Amino acid sequence: MTTDPASPFVATGSYPTRDGNLVRPLIDGEPAFRRICEAIEAARHSVWATITFMWPEFRMPGERGTALAVLDRAARRGVDVRVIFWRPDAETEALKRNAFWGAPEHFELLRRNDHQVRIRWDRAHAGFCQHQKTWLIDAGKDTETSFLGGINLNPHSLVSPGHGGGHLGEGQNHDVYIELVGPSVADVHHNFVQRWNESSERHQDDGCWGAGSATDLPFPHCVPAARGTTRVQIQRTTHAGRYTDGRAPPEGRAFDIKSGERTNFDQYCSAICAARRTIYMENQYVEIAEIVAELHGALKRGVEVVLLVPAIPEFSPTVYETVERRAVFEARAALGKYDSFTLAGIAGLGSDGLRKAVYVHSKLMLIDDAWATVGSCNLHRSSLFGNGELNAAFSDPETVRAFRVTFFQEHLAQDTSTLDDLAALQLFRQIARQNRQRHENSDPVWQGLAISLDAATYGRAAQF
C-alpha cells in the first residue's frame, strides 16, 4: 500500500486508477435525484441502475411520478432500460419491507402498468446485501455518465440541503451521490455488466421481468475520453466466489475473483494512515477495529479528525454486545480523549421551531483536502467483508476542496472557501460545540446543523 498523502490509492482491487475524470458532488436526495432524472430524460441509448432499496410508491422530484414511471418513459422512447434489484434471503428477510424484491404484488404492479423496463433480481451471499447504488447513462457512448453513492429511493431520502421544514419530524436522511464522467465510467459499466450477467435469480421463473431481460450484455471494450483533471479508482467489496467471469475491464487488469474483493477496507485503512493534516468522515456506522485503530494513530500524529454520524444511532451497541464488539466501541469512545477529535451529528430546524435529528446515511471520507472516497460502503463488517459495495476514490485538491466547502456550507452555514482544511475542521469543532451548548439550553437558534456528541457515551446514552 502507498502512503503518499496526496494519492493513497491501493492496488488490491479489480479496477485501475484512471486520470482525466470530472467528479461533481450531489448532496442530499432532492438535488441528486433531480439531476439523475435530467440525465435519464436526456439519455439516447441506455439507462442501467443497481438498486438496493426502493419503495414502489417513491416519487421522483419535480412531479415526475414514481421511479418506475420515470424509467418506463425512457424505455418507451426506445432507450435500453435495465435495473438490477436486490432480493433478500432468509437471513435478511426483515429488509424486504424496504426493497422491490420481486414479490407477487411487485409483479402485479409491473403487469398492471405494462412497464417496459428490463429487470433482473440478484441475491447476495447468505446473510449479506447487494448494496451498490449506481446509475449509468448511455453506457459505452460518448455521452456516458454515471452516478454513485448511497441514497435509497424512499421518502426519507428525498430531502433538500438544509434539512428544514414541516415533515422533518417524520425523519430525514442526509446522504450523498457523485456524478462521474470520464475514463473511470468504464469500470462502473464493467461492474454493471458483471452483475447483470451473473445475477443469481436470472434462471428463476420470478427472476426477470421484461422482453429482452434474459439477454446477457457484452463487456465494455473502450474507455471514455478524458473530461476533467481528477484521478479516480472505482473500488468494491465482493464476497469470495461471487463471480465466475473475471474478464478485465478495458485497459484494466484481472483479479482473483474466487477470493473476492475487499478494496474498500484496504482503502480506508491506507488513506487514514496516509493523512497528515485532516480527516473528515461521514458514515452511518464506524464499527471496525482496524479503522478505529488507524484513527487513533492519526490523532497521535496530530491530525485533526471530524467524524459525522447519526445523532441518534439506529442501534444501541448493548443490543448485540460481544467481547469483540465491546472492545471496538470502547476503542472508539477513547477517540474522545484527543482535543483534535470531534464526534458530531446534525439536526434541522422544523416548522414548529424545534430541532430534529437528521439521520446521517452518507458514506464518505476526505483526506488533507486532496483525496476522497464516496460510495455505498458503511464502516461495519458486512459492508467491508461480505456485501456487494461500490465506491469511487478520487484525488485532486481542487475537486476535494470544493466537496469540503459544499459540505461545510450545509453543516455550518458558513463559507469556508477562504480557509485551509485544518482551519475549516477546527471551525467545525468550534461551531458544533457551540451548538451543543445552545441545545442544552433549549435554544433552537444554531449556526448551521452540526452538534457535537460525547464519544464516551455515544450509542449508550441519549445525546439528542
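The values are calculated or read from the model by the stated rules, or taken from the named source; none is laboratory data. This is a predicted model, so every value here is computed, not measured. Don't worry about glycine lacking a Cβ; one is built from the backbone with ideal geometry, like all the others, and counts go over all protein chains shown.
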Q.
Under 7 Å between Cβ atoms, which residue pairs at least 6 apart in sequence (or on different chains) link something in region 400-414 that is more than 19 Å from LEU180 (Cα to Cα) and touching a residue at least 24 places away in the same chain (Cβ under 8 Å) with a partner that is of a type in the set (Val, Ile, Thr) and in a helix (DSSP H, G or I)?
A. LEU412/ILE431
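The rows are residues; the columns are (1) over 14 Å from ILE137 (Cα atoms); (2) among the aliphatic types (A, V, I, L, M); (3) outside the structural domain of ALA413 (by TED's automatic domain parsing).
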position	(1), (2), (3)
SER157	yes, no, yes
ILE178	no, yes, yes
ASP187	no, no, yes
TRP196	yes, no, yes
Q.
If I filter region 446-464 down to residues being among the hydrophobic types (A, V, I, L, M, F, W, C) and in contact with a helix residue (DSSP H, G or I) (Cβ under 7 Å, 6 or more places away or on another chain), which single residue comes out as farthest from GLY350 (Cα to Cα)?
A. ALA456
Q.
If I go through region 218-263 residue by residue, how many of them are basic (Lys, Arg), in a strand (DSSP E or B) and more than 22 Å from ASN387 (Cβ to Cβ)?
A. 1
Q: Would you please name the residue that is nearest to the chain's Cα centre (by Cα), looking only at residues in region 101-150 that are of a type in the set (Ser, Thr, Tyr) and over 25 Å from ARG242 (Cβ atoms)?
A: THR145
Q: Could you list all residues from region 357-376 that are in contact with a His (Cβ under 8 Å, 6 or more places away or on another chain) and either under 27 Å from ALA289 (Cβ atoms) or at pLDDT below 95 (or both)?
A: TYR359, VAL360, HIS361, SER362, SER376
Q: Evaluate the following for THR238: is it of a type in the set (Ser, Thr, Tyr), buried (at least 23 other Cβ atoms within 10 Å of the Cβ) and at pLDDT 95 or above?
A: yes
Q | Residue, surrounded by the most Cβ atoms within 10 Å (Cβ to Cβ), within region 132-183, restricted to residues that are β-branched (Val, Ile, Thr) and not in a strand (DSSP E or B) | A | ILE151
Q. Do the conditions hold for GLN204, that is, is it over 30 Å from ILE312 (Cα atoms), assigned to a strand (DSSP E or B) and in contact with a strand residue (DSSP E or B) (Cβ under 9 Å, 6 or more places away or on another chain)?
A. no
Q | Positions within region 44-56 being closer than 15 Å to ASP72 by Cα, surrounded by fewer than 22 Cβ atoms within 10 Å (Cβ to Cβ) and either modelled with pLDDT under 95 or not charged (D, E, K, R) (or both), in sequence order | A | HIS45, SER46, PRO56
Q.
Tally up the residues in region 40-57 that are closer than 14 Å to GLY149 by Cβ and touching a Phe, Trp or Tyr at 6+ places or on another chain (Cβ under 7 Å), please.
A. 4
Q.
Any residue at all in region 320-328 that's among the small types (Gly, Ala, Ser) and out of contact with any helix residue (DSSP H, G or I) (no Cβ under 8 Å at 6 or more places or on another chain)?
A. no
Q: Please tell me if PRO310 is in a loop (DSSP other than H, G, I, E, B) and in contact with a helix residue (DSSP H, G or I) (Cβ under 8 Å, 6 or more places away or on another chain).
A: no
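Listed here are the residues, each with its yes/no results for (1) surrounded by 18 or more Cβ atoms within 10 Å (Cβ to Cβ); (2) assigned by TED's automatic domain parsing to the domain that holds GLN132; (3) touching a residue at least 60 places away in the same chain (Cβ under 8 Å).
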{"position": "GLY252", "(1), (2), (3)": "yes, no, yes"}
{"position": "GLN267", "(1), (2), (3)": "yes, no, yes"}
{"position": "ALA274", "(1), (2), (3)": "yes, no, yes"}
{"position": "THR278", "(1), (2), (3)": "yes, no, yes"}
{"position": "VAL292", "(1), (2), (3)": "yes, no, no"}
{"position": "GLU314", "(1), (2), (3)": "no, no, no"}
{"position": "LEU335", "(1), (2), (3)": "yes, no, yes"}
{"position": "ARG355", "(1), (2), (3)": "yes, no, yes"}
